[in-house]
Every structure is written in C-alpha cells, then in structure tokens.
Amino acid sequence: ILPMKLGSMVKNSERLLPLPEDCSTQESFRIEYDTFGELKVPSDKYYGAQTVRSTMNFKIGGVSERMPVQVIRAFGILKRAAAEVNQDYGLDPKIANAIVKAADEVAQGKLNDHFPLVVWQTGSGTQTNMNVNEVISNRAIEIMGGKLGSKIPVHPNDHVNKSQSSNDTFPTAMHIAAAQEVNEVLLPGLKKLQNALEAKSKEFSQIIKIGRTHTQDAVPLTLGQEFSGYVQQIKYGVARIESTMPRVYQLAAGGTAVGTGLNTRIGFAEKVAAKVAELTGLPFVTAPNKFEALAAHDALVELSGAMNTVACSLMKIANDIRFLGSGPRSGLGELILPENEPGSSIMPGKVNPTQCEAVTMVAAQVMGNHVAVTVGGSNGHFELNVFKPMMIKNVLNSARLLGDVCVSFTDNCVVGIQANTDRINKLMSESLMLVTALNPHIVAITETKERILREFVYLLSLFDL
C-alpha cells in the first residue's frame, strides 16, 4: 500500500494521489480499510478508503478532470432528501439530522476540497457516490462528536446510502445538476441575448440595406429584418431547451441496482423526488420507469441535442455579425462592432471581432460535446448505462459555456453594435439587385403595351385593307 501525504497534492498538481516519498510523519494519516485491505487516508480529509483506492486506480487527467462540482452539490441535495425520507421510515433522528447538516454543507460547496475523484472512473459513477457517502458520513460523525473513519455512529453505506445504489443515485444527481445548470445559467443567458438582439432589430427597423444570398448581392431588406431572424433563432432555442426539461425533471432515485427498487420502502422514490423538488424549487418527479432511467439517458441526449441546435444558431449569428462588421476599409463594413481590446501585436490599430470568435469556438465545443454525449447515450447495455460521468461532464460543460458566452456576447458586443449607414447606403446605391424591385412595375408596363397592341391588331382585322 502506498503511503500518502497531503502536502504533495499541492506540489504535484497533475496527480490525485500523493507520492510515497513525501510521507514523513505517520500522524498525517489515519488508517482505514476496504475489502482489499488497509489504506492511509489524509487525517484532515473527510473521504475514506474507497475514495483513496479510486485515486490510486484512476490517475487520469489530473485536477482539471475532477467530477464537476455541480454533480457533487447535486449529490448533497439528494443525500439530504434521502436522509429526511429515511427518517420517516425509522432512521434514528440524531443520525438523520447529522447527515442532513453534512449533506447541506456538500450542497453549498463548503466541502469541495474533499472530492478528489476524476470523471474517468467506473461508468456508473460508483466511486463518486462512495466519495460522497464517506464525506457525509465522516462529517456527520464529526458533528456528533465521533472519530473520523470509525463509521460510528454514521455508516457511509448503512445510513448515508440507505435505500440507495450508485446505479440510481448517480443518474439522479446527473439530472439535478443538469436541471440546475440549465435554469441558473443557460436559459438566463439565452434570454438576455434574445432581448438584446430584439432591441437591435427595433433600432435598425428603418435602415434599408442590400440582402445577400449565396454570399452574393440579393434584393433589399431592412437591417432590422435581418436581426429579427437572429431573434427568432434564439427564441426557438429557448423553446427547444425548455421542451426537453420534463424528461430531465424525472429522477431515478428509488430504482436501486437495476430498476426494481430492491431494498427500498414503498413510496421512497416519490418522497425523495418531492423532497428534491422542495429543496431546489424545480418540478422534479420520480421517473415513471426506473429501468429506462438507469439503462438509458435519452433525456440528457435530448437536452444535449437541443443545445447542439442552439450552438448551430449561435455559429450562424456570430459569423453574420463579424462578417458584416469586417473592414474597416476592405470588408463589408455595414456594422460597427465595439472595440474591446487591441487586436494585434504586429498591426497597430487593428481591432478584431473577439466576442464573435469566442461564440464560434464555444459552438464548436458544444457540437463536439454532443457527439460524445450521443456515443455515451447509445451505449446503455442491458440494465445500466456505463457512460454516466462522461455524459454529465459534457452536458454541464455545454450548458455552462452556452450560457456564459451568451452573456459575454451580449454585454461586450451586441448591445454596442452600430449601423454604418454611410457604408450601407453606398452598397445599396451600387447594387444592380435594385432592378429586381422594379420587376412588378416593368411587368405591368409590358402587359399594358401588349394589351394595346393586341387591341390594335384586332381593330385592323375589322377592315379590309
């Protein structure tokens, strides 16, 4: 067994497990056991032997690849809800109250340093569920005046994980985390961008410009009409995201290992979902079919697909805006974009459409995330999908990136966009496409001439010349 020291966690930022040679004092650790034997656990950490074992087995990616904090906080909410429901079914109130207090600290992010595990672990998220169980157990033990690692009076499995399995807790935490991120970050960001684009559409409603199809001159429209298309895309994006949420609000808790609900009490699933809804303010319900909830994650694939569509919309909008703002002398130059920072280290005075570029990069990342989520969602074998950590990592990443970039794009670009009316008028006056607008009038004149000619010929036919 490798001895460990906490200090080396700081020194070796790319390692999750400290180096054995850094261990100098036995007092830095406590001894815990799992079914494989003895392990040394940092004395000031609430996690236990199973978490340490996981850090030994999955040295993948370093600190940047740790389980998203949104998932950890969602677990805190779930474990509190389960403890309160278990108290209703006979769990010692003192133990339940200690679990609730510890779980609250997890949900509030106060214990984030005690969750060292990476996403790249078992596909069911079992190690993270046990990491949560151990942390809450030891913190609850501390609250009750016990000894860390003793599992007395609060046991990580018998009490914190009571009536639960990793197979139903992790997907439940996935849905809680995704729903919170969508409601707290993604939707507010999209709606803010929608409102800003709508304001610009109204501001530009009287500015007539040349349209473009196939990147070539086309018939005229107003700049406001052009922006109204962007507004509608974002409106549809919001609607698409919202339409996926009823499935995300369905929780797997109560399904336990394979969906049968083995070792739970009747009503446990419904009560836990109701308690989670109460704690979050979101309309969570128990999943109507736990077999689907454990074996498939179509709800998250669907949500990711909606975010992928939003990414497509943002890519188009950002590209249009940066191309319309290209120049200042050799581009289209119809829009004047805000100048946020110097654009070049070699070309003085150059200003780049950096916000648009950030949007397009985020869009590309979200599209890539959706590919990963799609692969993960399609690999639910038999009674359990085992791509859970990877899927939720990418879903949360997409939601956060899209929400954040919409706010950044709005604040640092969209609200400051101006129409370059001189340039717009110049391009309008030089375009041959204006002739197309005269087509109805030309047709009317031609038809009138043809009618007069036909009448004249008819009159001539009446005379024998």
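The values are calculated or read from the model by the stated rules, or taken from the named source; none is laboratory data. Predicted model only: the values in this text are computed from it and were never measured. As a convention, Cβ positions derive from the backbone with ideal geometry for all residues, glycine included, and neighbour counts pool all protein chains shown.
Is it true that Gly145 is closer than 28 Å to Ile60 by Cβ, outside the structural domain of Met245 (by TED's automatic domain parsing), modelled with pLDDT of 95 or more and surrounded by fewer than 20 Cβ atoms within 10 Å (Cβ to Cβ)?
No; evaluated as a whole, the condition is false for this residue.
One residue is enough: does the range 325-333 have a residue meeting the conditions over 22 Å from Thr421 (Cα atoms), among the small types (Gly, Ala, Ser) and either assigned by TED's automatic domain parsing to the domain that holds Val231 or outside any helix (DSSP H, G or I) (or both)? Give the derivation first.
First, pick out the residues of the range 325-333 that are over 22 Å from Thr421 (Cα atoms): none.
No, because not a single residue in the range 325-333 is over 22 Å from Thr421 (Cα atoms), among the small types (Gly, Ala, Ser) and either assigned by TED's automatic domain parsing to the domain that holds Val231 or outside any helix (DSSP H, G or I) (or both).
Kindly establish whether Ser124 is within 18 Å of Phe58 (Cα to Cα) and modelled with pLDDT of 95 or more.
Numbers: within 18 Å of Phe58 (Cα to Cα): yes; modelled with pLDDT of 95 or more: yes.
So Ser124 fits the description; yes.
Of the residues Leu300, Leu294, Leu282, which single one is surrounded by 24 or more Cβ atoms within 10 Å (Cβ to Cβ), under 18 Å from the mean Cα position of the chain (by Cα) and modelled with pLDDT of 95 or more?
Just a single option satisfies the conditions, and that option is Leu300.
Just one of Phe170, Phe204 is surrounded by 17 or more Cβ atoms within 10 Å (Cβ to Cβ) and within 30 Å of Ala257 (Cα to Cα); which is it? Show your work before the answer.
Numbers: Phe204 fails: within 30 Å of Ala257 (Cα to Cα).
One residue alone meets the criteria, Phe170.
Of the conditions (1) of a type outside the set (Val, Ile, Thr); (2) closer than 20 Å to Ala178 by Cα; (3) in a helix (DSSP H, G or I), Gly255 clears all except one; give me its number.
Checking Gly255 against (1) of a type outside the set (Val, Ile, Thr); (2) closer than 20 Å to Ala178 by Cα; (3) in a helix (DSSP H, G or I), the one that fails is (3).
Residue check: is Lys350 under 27 Å from Ser243 (Cα atoms) and not aliphatic (A, V, I, L, M)? Don't jump to the end; show me each part of the working.
Details: under 27 Å from Ser243 (Cα atoms): no; not aliphatic (A, V, I, L, M): yes.
No; evaluated as a whole, the condition is false for this residue.
Among the residues of the range 434-443, are any modelled with pLDDT of 70 or more, touching a strand residue (DSSP E or B) at 6+ places or on another chain (Cβ under 8 Å) and not assigned by TED's automatic domain parsing to the domain that holds Thr215?
So far as the range 434-443 goes, yes, one or more of its residues are modelled with pLDDT of 70 or more, touching a strand residue (DSSP E or B) at 6+ places or on another chain (Cβ under 8 Å) and not assigned by TED's automatic domain parsing to the domain that holds Thr215.
Is there a residue being in a helix (DSSP H, G or I), outside the structural domain of Met67 (by TED's automatic domain parsing) and buried (at least 22 other Cβ atoms within 10 Å of the Cβ) anywhere in the range 207-227?
Kept after step one, since they are in a helix (DSSP H, G or I), are these residues of the range 207-227: 223-227.
Of the ones still in play, those that are also outside the structural domain of Met67 (by TED's automatic domain parsing) are 223-227.
Subsequent filtering for residues that are buried (at least 22 other Cβ atoms within 10 Å of the Cβ) retains 223, 227.
Scanning the range 207-227, I find at least one residue that is in a helix (DSSP H, G or I), outside the structural domain of Met67 (by TED's automatic domain parsing) and buried (at least 22 other Cβ atoms within 10 Å of the Cβ), so the answer is yes.
Hey, which of the helices (runs of 4 or more DSSP H) in the range 63-155, taking only ones fully inside, have at least 3 residues that are within 21 Å of Leu282 (Cβ to Cβ)? Working first, answer last.
Details: elements: 69-88, 93-107, 126-143.
By residue number, 69-88, 93-107.
Could you tell me whether any residue of the range 308-323 is assigned to a loop (DSSP other than H, G, I, E, B), surrounded by 17 or more Cβ atoms within 10 Å (Cβ to Cβ) and among the hydrophobic types (A, V, I, L, M, F, W, C)? Break it down into steps so the answer makes sense when it comes.
First, the residues of the range 308-323 that are assigned to a loop (DSSP other than H, G, I, E, B): none.
No, the range 308-323 contains no residue that is assigned to a loop (DSSP other than H, G, I, E, B), surrounded by 17 or more Cβ atoms within 10 Å (Cβ to Cβ) and among the hydrophobic types (A, V, I, L, M, F, W, C).
Just the residues that are buried (at least 16 other Cβ atoms within 10 Å of the Cβ) and among the aliphatic types (A, V, I, L, M), please, taken from the range 337-346.
Result: Leu337, single match.
Which one is surrounded by the most Cβ atoms within 10 Å (Cβ to Cβ) among residues in the range 173-194 that are among the polar types (S, T, N, Q) and more than 29 Å from Glu134 (Cβ to Cβ)? Outline the logic, then answer.
Applying the first criterion (among the polar types (S, T, N, Q)) to the range 173-194 yields 180, 183, 194.
Restricting the remaining residues to those that are more than 29 Å from Glu134 (Cβ to Cβ) gives 183, 194.
Numbers: Asn183: 18, Gln194: 20.
My answer is Gln194.
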